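The values are calculated or read from the model by the stated rules, or taken from the named source; none is laboratory data. The shown structure was predicted, so the numbers you read here are calculated from the model rather than taken from an experiment. No Cβ is skipped: glycine too gets one built from the backbone with ideal geometry, and neighbour counts run over all protein chains shown.
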Amino acid sequence: MSLPKAVYSSRDIEEKLFTVDPNNSRYQTTNGKTTGPSEWVLNAGQVDVDRPSDPRVKDDVSGELTYLSKLRTNLTGLQDDINEFLTDQMELAKKKRIKNEKREMQEQEKRIDDEINELLDGGDGEEEED
Amino acid sequence: MVNLNAVPPKNGRDYYIAIGLEGSANKLGVGIIKHPLLNKHDDGDYSHDCQVEILSNIRDTYVTPPGEGFLPRDTARHHRNWCVRLIKKALEEAKIIHPTLDIDVICFTKGPGMGAPLHSVVIAARTCSLLWNVPLVGVNHCVGHIEMGREITKAKNPVVLYVSGGNTQVIAYSEKRYRIFGETLDIAIGNCLDRFARTLKIPNEPSPGYNIEQLAKQCSNKENLVELPYTVKGMDLSMSGILAYIDSLAKDLFKENKKNKILFDKESGEQKVTVEDLCYSLQENLFAMLVEITERAMAHVNSDQVLIVGGVGCNVRLQEMMAQMCIDRSNSKVHATDSRFCIDNGVMIAQAGLLQYRMNDVVKDLSETVVTQKFRTDEVFVDWRE
């Protein structure tokens, strides 16, 4: 079977391709790293009874997973990759926003200081025309 | 003229079969129903009498620890991880072996509700539609409640009181729409009860509202209600202030704040009010407000039937109070259903969805299946009624 893949594209960043490595344990489980219950409910004493069902093994002697179970495990890993990528992007966006806000704040403070100093120096607060 | 037989059943059968998927809040429901093809449905207003047969009605609730509500992310995860298992179980119970051949339509909740859980369920609906090659119908959750209530109780044209964890509305049908006559201005009644249950730290199983009802039954001081704000605003009502007030009383009770003269005797400091008294007073106060606006809506539309739907509609005390009003009013009748149909379920989505399907209202393109958190009851064109 062909392996699933995903592509993320956006105006802001280069296109990102997500692929499955079938030999990596990350793509062999239905219990994803990022798709579990939230920490909040676990801290509140939640017992996780809503886990995804385990992948199903074929009835024959091969011991292989069924087609749909294989797909589910592959997609679980792929979903983790996407979630981690998007979380990183959100962190980057957050840092950028904080930086911008800080810069705007400094610029505003500087402008207010300049205006006050100008008034103290006897100006009328209006910008002079050339 | 309404012709409910406009779309014939699949494969020349004399009945329709629909599967409904519901997951707008913390309940995940899958229901399968059957409508016989009846001649009387060729022409006439019989959408309340489809002679529905319920083939399966499976539900699983996402339950959180006492004191906690349900978060969208974890609720969506619950639905995602249980949806396939529930669909399989529902098909098995309905004895449907070949969904492609046997199912006429797949109905899903389009809104209103919590975005993430709605999204989980619609993905399952789309997948089944593509897998089985069966058309989809998006259903308004509130209309689902109304149509199920009408079918079960056979109430032809009632004033509907829709009371649940996310909605509080008084509705009446007029000219192809379910018109909202009155509604909450802030939180829903079920939300008010659930959040008070969280303050009391009582279990969320089977449901917080049910546990409040049981505590209220144990109230031994029913003659002396704790005075609470009564906030009917015309045809609307407001409940957030009542919740804030009763929450503060409960907190004072737990802290044994003897300065609170409502809870403790001025002279002796003896406790006058119990948790059970608070539950009873809260229910009486809120339900009295609902009865008032419902009665006014009945007067507006000159109706003698009330249908109570939604999760809070299971509350026996609310049904009693509404029945009393109806008797006092003109010997009219209150209709209500039990928890199988009151509480969110897949069958109600199948019922409303099948009515839509029979009027040839189906999804033409998957882009029409995008779910929405805001979807008012009166946005739906009700072409299956006169």
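Here's a check for you: in the range B:198-220, which residue that is in a helix (DSSP H, G or I) and basic (Lys, Arg) is surrounded by the most Cβ atoms within 10 Å (Cβ to Cβ)?
That would be B:Arg198.
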For the range B:49-67, give me the residue count where each residue is assigned to a loop (DSSP other than H, G, I, E, B) and either surrounded by 18 or more Cβ atoms within 10 Å (Cβ to Cβ) or within 14 Å of chain A (Cβ to nearest Cβ) (or both).
8
Considering only the range B:73-82, I want to know if a residue exists there that is away from every other protein chain (no Cβ under 14 Å) and either closer than 24 Å to B:Phe381 by Cα or touching a Pro at 6+ places or on another chain (Cβ under 9 Å) (or both).
no
So for the range A:82-103 (the condition being loosely packed, with under 14 Cβ neighbours inside 10 Å, of a type in the set (Ser, Thr, Tyr), within 14 Å of chain B (Cβ to nearest Cβ) and over 30 Å from B:Gly69 (Cβ atoms)), does at least one residue qualify?
no
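Which one of these is within 12 Å of another protein chain (Cβ to nearest Cβ) and not in a helix (DSSP H, G or I): A:Asp54, A:Asp60? Outline the logic, then answer.
Details: A:Asp60 fails: within 12 Å of another protein chain (Cβ to nearest Cβ).
Testing whether each residue is within 12 Å of another protein chain (Cβ to nearest Cβ) and not in a helix (DSSP H, G or I) leaves just A:Asp54.
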Restricting the range B:68-93 to residues that are in a loop (DSSP other than H, G, I, E, B) and touching a residue at least 12 places away in the same chain (Cβ under 8 Å), the residue that is surrounded by the fewest Cβ atoms within 10 Å (Cβ to Cβ):
B:Gly69
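Considering only residues of the range A:23-32 that are more than 14 Å from chain B (Cβ to nearest Cβ) and either modelled with pLDDT under 90 or surrounded by 13 or more Cβ atoms within 10 Å (Cβ to Cβ) (or both), which is farthest from the chain's Cα centre (by Cα)? Break it down into steps so the answer makes sense when it comes.
Here is the first cut: in the range A:23-32, the ones more than 14 Å from chain B (Cβ to nearest Cβ) are A:23-28.
Narrowing further to those that are either modelled with pLDDT under 90 or surrounded by 13 or more Cβ atoms within 10 Å (Cβ to Cβ) (or both): A:26-28.
Values: A:Arg26: 18, A:Tyr27: 19, A:Gln28: 22 Å.
Only one residue tops the list, namely A:Gln28.
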Counting only residues that are within 22 Å of the chain's Cα centre (by Cα) and either closer than 18 Å to A:Ser53 by Cα or part of a helix (DSSP H, G or I) (or both), the range B:94-110 contains a total of 0
Can you spot a residue in the range B:57-74 that is modelled with pLDDT of 95 or more and small (Gly, Ala, Ser)?
no
Condition first: touching a helix residue (DSSP H, G or I) at 6+ places or on another chain (Cβ under 8 Å), among the aliphatic types (A, V, I, L, M) and away from chain A (no Cβ under 14 Å). Now tell me which residues in the range B:98-137 satisfy that.
B:Leu101, B:Ile103, B:Val105, B:Ile106, B:Met114, B:Val121, B:Val122, B:Ala125, B:Val134, B:Leu136, B:Val137
What helices (runs of 4 or more DSSP H), lying completely within the range B:268-358, carry at least 2 residues that are at pLDDT below 95?
B:275-301, B:316-330, B:339-342
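Using the structure shown, decide if A:Leu42 is within 13 Å of chain B (Cβ to nearest Cβ), surrounded by 13 or more Cβ atoms within 10 Å (Cβ to Cβ), outside any loop (DSSP other than H, G, I, E, B) and free of Cβ contacts under 8 Å to residues at least 24 places away in the same chain. Give the steps one after another, and end with the answer.
Numbers: within 13 Å of chain B (Cβ to nearest Cβ): yes; surrounded by 13 or more Cβ atoms within 10 Å (Cβ to Cβ): yes; outside any loop (DSSP other than H, G, I, E, B): yes; free of Cβ contacts under 8 Å to residues at least 24 places away in the same chain: yes.
Considered against the rule, which asks whether it is within 13 Å of chain B (Cβ to nearest Cβ), surrounded by 13 or more Cβ atoms within 10 Å (Cβ to Cβ), outside any loop (DSSP other than H, G, I, E, B) and free of Cβ contacts under 8 Å to residues at least 24 places away in the same chain, A:Leu42 comes out as yes.
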I'm trying to understand the selection: among the residues of the range B:168-197, which are more than 26 Å from B:Glu386 (Cβ to Cβ) and either in contact with a Pro (Cβ under 7 Å, 6 or more places away or on another chain) or not in a helix (DSSP H, G or I) (or both)?
B:Thr168, B:Thr184, B:Leu185, B:Asp186, B:Ile187, B:Ala188, B:Leu193, B:Asp194, B:Ala197
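So that you can scan it fast, the table gives a plain yes or no per residue for (1) out of contact with any Phe, Trp or Tyr (no Cβ under 9 Å at 6 or more places or on another chain); (2) more than 18 Å from B:Arg126 (Cβ to Cβ); (3) charged (D, E, K, R):
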site	(1), (2), (3)
B:Ile327	yes, yes, no
B:Met348	no, yes, no
B:Val363	yes, no, no
B:Thr369	no, no, no
B:Lys374	yes, yes, yes
B:Phe381	yes, yes, no
B:Glu386	yes, yes, yes
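Just to be sure, is A:Thr35 assigned to a helix (DSSP H, G or I), within 14 Å of chain B (Cβ to nearest Cβ) and either among the hydroxyl-bearing types (Ser, Thr, Tyr) or at negative phi (or both)?
Values: assigned to a helix (DSSP H, G or I): no; within 14 Å of chain B (Cβ to nearest Cβ): yes; either among the hydroxyl-bearing types (Ser, Thr, Tyr) or at negative phi (or both): yes.
Spelling it out, it is not the case that A:Thr35 is assigned to a helix (DSSP H, G or I), within 14 Å of chain B (Cβ to nearest Cβ) and either among the hydroxyl-bearing types (Ser, Thr, Tyr) or at negative phi (or both).
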Please verify whether B:Arg59 is under 18 Å from B:Cys107 (Cα atoms) and touching a residue at least 12 places away in the same chain (Cβ under 8 Å), treating the condition exactly as stated.
yes
Anything in the range B:123-137 that is surrounded by 21 or more Cβ atoms within 10 Å (Cβ to Cβ) and farther than 13 Å from B:Ala18 by Cβ? List them, or say none.
B:Ala124
Of the residues B:Ser248, B:Ser238, B:Ser220, which is of a type in the set (S, T, N, Q), modelled with pLDDT of 95 or more and within 15 Å of B:Leu278 (Cα to Cα)?
B:Ser248
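What number of residues within the range B:244-303 are closer than 30 Å to B:Ile180 by Cβ and aromatic (Phe, Trp, Tyr)? Don't jump to the end; show me each part of the working.
Here is the first cut: in the range B:244-303, the ones closer than 30 Å to B:Ile180 by Cβ are B:244-247, B:279-303.
Pick out the ones that are also aromatic (Phe, Trp, Tyr) and you get B:245, B:280, B:287.
Counting residues in the range B:244-303 that are closer than 30 Å to B:Ile180 by Cβ and aromatic (Phe, Trp, Tyr) gives 3.
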